[in-house]
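The structure appears below as structure tokens.
The values are calculated or read from the model by the stated rules, or taken from the named source; none is laboratory data. Note that the coordinates shown come from a computational prediction; the quantities given were computed from them, not determined experimentally. Counting neighbours? That spans all protein chains shown, and the Cβs are built from the backbone with ideal geometry, glycine included.
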């Protein structure tokens with residue numbers, strides 16, 4: 001299983017960003033780290049090992065990127081507008097830099113044809129949700145694990161425009177009926193999984209499910225009952241299972 005790491009200076013976020021890729025062929029999957037995690041976090045916490053069979057079978061390529069806005073919120077300045085500007089810049093980085101880099105790495109495919117999947121845990125689940133809700137033309141599915149979706153827990157101040165458009169809980173209910181974005185989003189699917197153990201907040205997932213469902217956007221809440229905590233052992237079990245189901249079905253059908 002190959003591993004490639006790159007860093008480049010991004011004017012959109014005002015710093016150097018690391019992107020790591022594991023695997024060589026298959027559906028590209030973008031993993032957004034937790035909190036202020038870096039691109040190698042998923043490797044340190046053995047998620048890459050858990051996904052190794054899928055990577056080695058050529059079903060997927062895994063890309064992970066530094067959690068730049070989380071680094072700003074939690075380590076530098078969580079006040080509006082600094083925090084919200086960081087999130088807006090990260091969204092631009094994902095669409096204008098990360099996705100084109102993935103497209104190039106996948107043989108020069110058109111970004112819209114990649115069939116990108118977004119995933120992540122905790123704050124990473126929020127970033128995965130934001131990615132598909134803001135850019136359903138680029139992301140075709142999202143697996144959001146133990147998500148933390150209400151940004152007021154992290155950002156200090158009143159909501160500004162950048163915060164509003166960064167928060168699916170706020171902008172999705174107001175998406176214009178008949179818009180191309182909403183029409184595309186209704187063709188996508190969002191899975192919202194959570195445990196019931198320590199540090200989990202299931203209502204976060206249900207709040208998103210209600211916001212999506214009221215607009216006709218396909219979604220499912222998957223509750224893991226028992227001692228499944230808001231922690232890496234849970235996510236190491238969840239993600240391989242979900243991706244196996246999704247990617248295996250795709251191969252069977254294609």
| Is there a residue being within 13 Å of the chain's Cα centre (by Cα) and either within 22 Å of residue 173 (Cβ to Cβ) or at pLDDT 95 or above (or both) anywhere in the stretch 99-111? | yes
| message | Which condition from (1) without any contact (Cβ under 8 Å) to a residue 60 or more places away in the chain; (2) more than 21 Å from residue 137 (Cβ to Cβ) is the one that residue 80 breaks? | response | (1)
| said: Looking at the stretch 113-127 only, could you name the residues that are in contact with a strand residue (DSSP E or B) (Cβ under 9 Å, 6 or more places away or on another chain) and either modelled with pLDDT under 95 or assigned to a helix (DSSP H, G or I) (or both)? | reply: 123, 124, 125, 126, 127
| message | Quick check on residue 110: is it surrounded by fewer than 18 Cβ atoms within 10 Å (Cβ to Cβ), over 14 Å from residue 39 (Cβ atoms) and in contact with a helix residue (DSSP H, G or I) (Cβ under 9 Å, 6 or more places away or on another chain)? | response | yes
| Residue within the stretch 48-55 that is in contact with a helix residue (DSSP H, G or I) (Cβ under 7 Å, 6 or more places away or on another chain), in contact (Cβ under 8 Å) with a residue 60 or more places away in the chain, in a strand (DSSP E or B) and at negative phi present | no
| task | Give the stretch 212-231 a look and list any residue that's in contact (Cβ under 8 Å) with a residue 40 or more places away in the chain and in contact with a strand residue (DSSP E or B) (Cβ under 9 Å, 6 or more places away or on another chain), or say none. | result | 212, 217, 230
| request: For the stretch 226-235, enumerate the residues that are surrounded by fewer than 18 Cβ atoms within 10 Å (Cβ to Cβ) and at pLDDT 95 or above. | output: 229, 232, 233
| query | Which of the residues that make up the stretch 216-225 are outside any strand (DSSP E or B) and surrounded by 16 or more Cβ atoms within 10 Å (Cβ to Cβ)? | reply | 217
| remark: Pairs returned, first residue in the stretch 7-36 that is on the phi > 0 side of the Ramachandran plot and without any contact (Cβ under 8 Å) to a residue 12 or more places away in the chain, second residue that is crowded, with 22+ Cβ neighbours inside 10 Å and outside any loop (DSSP other than H, G, I, E, B), beta-carbon separation under 6 angstrom, 6 or more apart or interchain, are none
